1. Where in region 164-205 are there strands (runs of 3 or more DSSP E), lying fully within it, with 2 or more residues that are in contact (Cβ under 8 Å) with a residue 60 or more places away in the chain and among the charged types (D, E, K, R)?
2. When residues of region 25-66 are filtered for being assigned to a helix (DSSP H, G or I) and of a type in the set (Phe, Trp, Tyr), how many remain?
3. Restrict the check to region 79-88 and report whether at least one residue is surrounded by fewer than 24 Cβ atoms within 10 Å (Cβ to Cβ), among the β-branched types (Val, Ile, Thr), modelled with pLDDT of 75 or more and not assigned by TED's automatic domain parsing to the domain that holds residue 258.
4. Among the residues of region 195-207, is any in contact with a Ser or Thr (Cβ under 7 Å, 6 or more places away or on another chain), within 30 Å of residue 98 (Cα to Cα) and modelled with pLDDT under 95?
5. Among the residues of region 256-287, which ones are in contact with an Asp or Glu (Cβ under 8 Å, 6 or more places away or on another chain) and outside any strand (DSSP E or B)?
Amino acid sequence: MRIKVIANPTAGRGGKKAIEKVIEYMKGKGAEVDLFLTRKRGDALQTASDARNENVDIVVGAGGDGTINEIINGLAGSDIPLGVIPLGTVNVFALETGIPMDPVGACNIILEGLPRKLNLGRVNGRYFLLMGGVGFDAYVVYGLDIRLKRLSGRISYILTALGRGLTYRSSPLEIELDNGQKVNGYGAVVGNMKYYGGTMSITPFADMERNDLDVCIFKSKGFGNILRYTWGVIQKRHLTYPDVEYHTVKNLRIKSKGKTYIQADGDVVGQLPAEFSIAEEGITVILPKEV
């Protein structure tokens, strides 16, 4: 078995040691392993794209959700299956699919698991596996200090949100759904999967094997309302709020007169306007048999 491992050595804590352990374990199982270590943004995407023209049986992504996002953007529509070794801060995809956080356990899934075709979302030409966001969450991601993230993990998001929330000035969003309905709001999360930032769920009915996307729209502005929405998500009650709308769509468009960032799988990918859609291309991922 020929395996291409695309690994982010700065992901999580002890990334380099975990990667070494993964390579040693796979070779011990008889696999022929080619390792590529990323150095900068875009390396994983380019390496995954190049792997399409190589004699590779599996591409393995070892890193966080951002590394996996780059790889799916390089592999989308390919027949090469993706294996995942979660090494990042949160690893939402692993939580959603039951992939073990232990590197050796994740290796066993890659070697013995079941390849499954999953749908991908797309925003302005960029694929996402988990979700996309417009509004405050993208603003937080934009302002995140990478050094702080490496030191404090998911706490860095909380600290950044609290710090940037005091200066955040939201712009009204104009959202057009695929049925022509128009909704105004101040934030939106478009989910291909249910989990967000861990085991919280903003789009709890989203399903990676269903050929559509779920969108949750937050209609009130201000940091006080952001805190209220956050508490509602934690309590699994946000969908009962009168100023929250939930829809299932094939595509939607979002625009704003103000400067508003877009995030996909936890990385900023541009600014509005944006078109979100379910992608024609999918991705094959090796998952636990019981998922």
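1. Qualifying strands (runs of 3 or more DSSP E): 173-177.
2. Final tally of qualifying residues: 1.
3. For region 79-88, residues surrounded by fewer than 24 Cβ atoms within 10 Å (Cβ to Cβ), among the β-branched types (Val, Ile, Thr), modelled with pLDDT of 75 or more and not assigned by TED's automatic domain parsing to the domain that holds residue 258: present.
4. Within region 195-207 (the criterion being in contact with a Ser or Thr (Cβ under 7 Å, 6 or more places away or on another chain), within 30 Å of residue 98 (Cα to Cα) and modelled with pLDDT under 95), the answer is yes, since at least one residue qualifies.
5. 256, 265, 266 - these are the residues of region 256-287 that are in contact with an Asp or Glu (Cβ under 8 Å, 6 or more places away or on another chain) and outside any strand (DSSP E or B).
Here's the yes/no breakdown for (1) touching a strand residue (DSSP E or B) at 6+ places or on another chain (Cβ under 6 Å); (2) surrounded by fewer than 16 Cβ atoms within 10 Å (Cβ to Cβ); (3) at pLDDT below 95:
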site: 6; (1), (2), (3): yes, no, no
site: 32; (1), (2), (3): yes, yes, no
site: 93; (1), (2), (3): no, no, yes
site: 107; (1), (2), (3): no, no, no
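The values are calculated or read from the model by the stated rules, or taken from the named source; none is laboratory data. Just so you know, these numbers come straight off a predicted model, no measurement behind them. Glycine also receives a Cβ, built like all others from the backbone with ideal geometry; neighbour counts cover every protein chain displayed.
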